[in-house]
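Peer 1: Have a look at this one.
The values are calculated or read from the model by the stated rules, or taken from the named source; none is laboratory data. Remember, it's a predicted structure, so these values are computed and weren't measured experimentally. Here Cβ is always computed from backbone atoms with ideal geometry, including for glycine, and neighbour counts include all displayed protein chains. SASA here: full protein model, heavy atoms, side chains in, ligands and nucleic acids out. Shrake-Rupley method; radii C 1.70, N 1.55, O 1.52, S 1.80 Å.
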Amino acid sequence: MGKLLQSLEIELTKNKKQQPAADELGFGNHFTDHMFIMDYSTDNGWHKPRIIPYQPIVLDPAAKVFHYGQTIFEGLKAYKTDDGRVLLFRPQKNIQRMNRSNERLSVPELHIDTVIEALKQLIAVDKDWIPTAPSTSLYIRPFIIATQPQLGVAPSTHYQFIIIMSPVGAYYTEGVNPVKIFVESEYVRSVKGGVGEAKTAGNYAAGLKAQELAKEKGYSQVLWLDGVHRKYIEEVGSMNVFFKLNGVVHTPALNGSILDGVTRNSIIQLLRHWNIEVVERPITIEELYEASRKGELEEAFGTGTAAVISPIGELNWQDDVLVINDGQTGELSKKLYDTLTGIQMGKLADPLGWMVEATPVNV
């Protein structure tokens, strides 16, 4: 165990919650019995790690997080295998990205090993909350908030790092079936030089209006175009996006406004492991529609921690509806979903060494 976590205090709840049935989980609706908290001050650095019963956070109304949005978060999952092991999917990648978000928002860096050990300790305390039904997992949400009670546009001097966990089912109620996507031409999610590549709350708040309008029109999510030219494809909802064109998989290149998704990176690695060509480059919406007219657009899908793979069956760009693969889940999309979830659940071999056993030290 890292030196910091040698002082870890654990307070177990005296009032355990009723755990929901697998078919009642949904996504992000239920939370485990405990949470992890660690404090930061400029004088003491990160200190006072503790696991306590899940409870409300008490903050001063002047805390900087409320006024200047200085907060970052991550999302990852834990899985229970048939033989009872608990596995984490590439947690180092999440914490590395968390530190990139920290750097962009002037939040103090976290030590990767300390965070992973904290994850393991919290999972050990609440391991009975990990669901085992198909398509279920334990979603883990680490986040940092600025807690200094002072009005003034400057980085906070105090923070809290918190981890909460939620047993979840499938992210989309449609399941692993194609979703309908509205191409957003008016609102902008982010631009290069902004915070689009950081996992910060404001990115998601900026997308809510467009998402709301898309749902009113019968679409599950929006496809974001770049904020300057309004023609280059960036993300789909809160996911990265891929297109299969004439047997080659294409995805928008990371450009400073696109999130470097852990699932995106994993999909690219997996495809190349299968000797399937993957190209990271700028992709225009006009090019995509032209490829469809020529019969070259074979599949499209989004990738992310929550949904893993989300096939796209329809796009609507300026009232021009494009149906992809007859609205059916593509062969490659299904293979990617089955393989990645199989690796995550410990049912398939892990050829790229992604999975980490969540066995804590000294517990």
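Peer 1: Among SER257, LEU59, VAL168, whose Cα projects farthest towards the positive end of the dipole of the chain, with charges put on the beta-carbon of Lys, Arg (+1) and Asp, Glu (-1)?
Peer 2: Going by the Cα projections, it comes out as LEU59.
Peer 1: Give the distance, in whole Å, between the Cα centre of region 323-347 and the Cα centre of region 69-109.
Peer 2: 24 Å
Peer 1: Arranged from highest to lowest average of other beta-carbon atoms within 10 Å per residue, in what order do the peptides 96-107, 315-326 appear?
Peer 2: 96-107, 315-326
Peer 1: Please report how far the C-alpha centroid of region 182-209 lies from that of region 260-319, rounded to the nearest whole angstrom.
Peer 2: Here the answer is 19 Å between Cα centres.
Peer 1: With +1 on the Cβ of every Lys and Arg and -1 on the Cβ of every Asp and Glu, and nothing else charged, how large is the dipole of the chain about its Cα centre, in debye rounded to the nearest 20?
Peer 2: In debye, rounded to 20, the chain gives about 660.
Peer 1: Measure off 7 Å from each Cα along the Cα-to-Cβ vector at ARG293 and ARG104, then give the distance between these two points in nanometres to one decimal.
Peer 2: 3.5 nm
Peer 1: Then there's this: At a 10 angstrom cut-off on C-beta neighbours, averaged per residue, how do the peptides 176-183, 232-239 rank from highest to lowest?
Peer 2: Highest-to-lowest ranking by the protection proxy: 232-239, 176-183.
Peer 1: For the chain, what is the calculated [θ] at 222 nm in deg cm²/dmol (nearest 500), taking -39500 (n - 2.57) for each run of four or more DSSP H residues and dividing by its residue count?
Peer 2: Numbers: 7 runs with 84 residues, N = 363.
Theoretical 222 nm ellipticity from helices: -7000 deg cm²/dmol.
Peer 1: By its C-alpha gyration tensor, with a ≥ b ≥ c as the square roots of the eigenvalues, how is region 90-189 shaped: rounded for a/c under 1.5, else prolate for a/b larger than b/c, else oblate?
Peer 2: oblate
Peer 1: Could you tell me how many degrees, from 0 to 90 and to the nearest 10, lie between the Cα long axis of helix 262-273 and the main elongation axis, the longest principal axis, of the Cα atoms of the chain?
Peer 2: The angle comes out near 60 degrees.
Peer 1: I've got another one for you. Run the accessible area of region 283-363 with a 1.4 Å probe and give the carbon-and-sulfur part as a rounded percent.
Peer 2: On the way: 1670 of 3650 Å².
Within region 283-363, the accessible surface is 46 percent carbon and sulfur.
Peer 1: Which angle between 0 and 90 degrees, to the nearest 10, do you get for helix 331-344 versus the longest principal axis of the chain when only C-alpha atoms count?
Peer 2: Its long axis makes an angle of about 10 degrees.
Peer 1: Same structure, new question: With the dipole of the chain worked out from charges on the C-beta (+1 for Lys and Arg, -1 for Asp and Glu) around the Cα centre, which of ALA358, GLY28, LEU288 lies farthest toward the positive end?
Peer 2: Of the candidates, ALA358 comes out farthest on the positive side.
Peer 1: Next question, about the same structure. Too long at a 23 Å Cα-Cα cut-off: which of LYS209/LYS335; LYS17/LYS215; LYS180/LYS294; LYS17/LYS64; LYS17/LYS127; LYS180/LYS334?
Peer 2: Result: LYS209/LYS335; LYS17/LYS215; LYS17/LYS64 exceed 23 Å.
Peer 1: Still on this structure: Given region 166-205, report the % of alpha carbon pairs whose separation exceeds 16 Å.
Peer 2: Working: 478 of 780 pairs.
Beyond 16 Å sits 61 percent of the P(r) for region 166-205.
Peer 1: With a 10 Å radius around each residue's Cβ, average the other Cβ atoms per peptide and rank 341-354, 72-85, 188-201, highest first. Present the calculation step by step, with values, prior to reporting the outcome.
Peer 2: Details: 341-354: 15.2, 72-85: 17.5, 188-201: 19.2.
Descending packing order for the listed peptides: 188-201, 72-85, 341-354.
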